[in-house]
Amino acid sequence: MKNNFFLLILILFGNSYNIIHAQGDLLIEPHRVVFEKNQVKKVITLINTGDKTATYSVSFVQRRMNEDGSFTAITETDSLNRFADPFLRIYPRSVTLSGREGQTVMLQRRRNSIMEPGEYRSHLYFRAAAEEKTKPLENTETKADENSFSVNITPIYGISIPIIIRSGEVNALATLSDLKILNLQEPEISFTLNRKGNISIYGDFTVEYFPVKGEPFIVGRQNGVAIYTTINKRYISIKLDKTSEMDLSKGLIKISYIGRAGADVKEVYYATESLLLER
């Protein structure tokens, strides 16, 4: 059902636990969907923030996360890549939005599906249709070189969000290791995020600096970091806000990885780790 644009914006920003995902003129909320146990329906809201009418096709794609956080397209399912789309229905599969207009897309889990314990994941892909352009009138005063040719490239925007189904008994454990400070001029901290269990983990990183004297303060953040079941570790790097109060030759750096709270999820402290600064 299509809704008033400004009303949708107010509703979306009112849900502080969700972050709007945007590319081009398309905004999507939420940017990640998880079906827990007996949940059967989820609603995704699309908003066209531009002034022109746009059409988006809605389909499933399969992607594998790599240890550097990048994604690779995949086609075959296995014990690590179990796809969610066979257990889901989408409607509608095509959405046309006028400028400043929004609409919802419904995801419905198929009932009575036989699923093994663990996690099933696919990505829902929203692809903008190519804009049709009127062919320009031929210029009769000039004649093009018959051996030349031209190419008109029109960018096609697309954006995908993970859709996850969790079935049966699930568990996950995260640890942090290999903490290092890099590049003292523009400092950053690198480390490894390790995962164990049969489901993915998703949360936010907070980096705190503890001086030898005085109160600790936050020097870095990185939000919305996931590690999917296709990998057991992921390499992370976070830039630090260097201030006159932070001395990287002494004190202590503490990293916390916290699962984000939501409508159906409680905040979870996945892992913390510290690095003693000595130079």
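The values are calculated or read from the model by the stated rules, or taken from the named source; none is laboratory data. Computed from a predicted model, the values in this text were never measured in an experiment. Quick reminder, even Gly has a Cβ in these numbers, built from the backbone with ideal geometry, and neighbours come from all protein chains shown. Just so you know, the surface numbers come from the protein's heavy atoms only, side chains and all, with ligands and any DNA or RNA stripped out. Shrake-Rupley method; radii C 1.70, N 1.55, O 1.52, S 1.80 Å.
Data for the structure
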read-out	value
In Å², nearest 10: area of E245 left accessible to a 1.4 Å probe	130 Å²
5 angstrom amide H check on F217, placed H, neighbours 5+ away	Y209
Length-normalised contact order for region 210-253 - Cα pairs under 8 Å, 6+ apart - percent	60 percent
Amide H within-cut-off set for N198, under 5 Å, with H built and near neighbours excluded	N171
Point-charge dipole on Cβ atoms (K/R +1, D/E -1) for region 163-243, about Cα centre, debye to 20	220 debye
Which of E208, E267 is most accessible, then next, and so on - probe 1.4 Å	E267, E208
Protein-only accessible surface order, largest first, of F205, F60, F71 at 1.4 Å	F71, F60, F205
Neighbourhood charge, 12 Å Cβ-Cβ cut-off, centred on I165 and excluding it, Lys, Arg +1 and Asp, Glu -1	+3
Solvent-accessible ranking of R64, R166, R89, largest area first, probe 1.4 Å	R89, R64, R166
Calculated FRET efficiency for the pair T55/N112, C-beta based, R₀ 30 Å, to 0.05	0.30
Nearest-20 debye value, region 39-115 charge dipole, Cβ charges on Lys, Arg, Asp, Glu	480 debye
Using θ = phi - 60° and Karplus 6.51 cos²θ - 1.76 cosθ + 1.60, couplings along region 241-249 (whole Hz; Gly, Pro as x)	7, 6, 10, 5, 8, 9, 10, 6, 8
Residue-count net charge about Y228 - beta-carbon cut-off 10 Å; Lys, Arg +1, Asp, Glu -1	+4
Accessible area per residue in Å² at 1.4 Å probe, computed on region 63-104	57 Å²
Listed residue pairs exceeding 19 Å between alpha carbons, taken from K213/K250; K213/K239; K42/K196; K42/K233	K213/K239; K42/K196; K42/K233
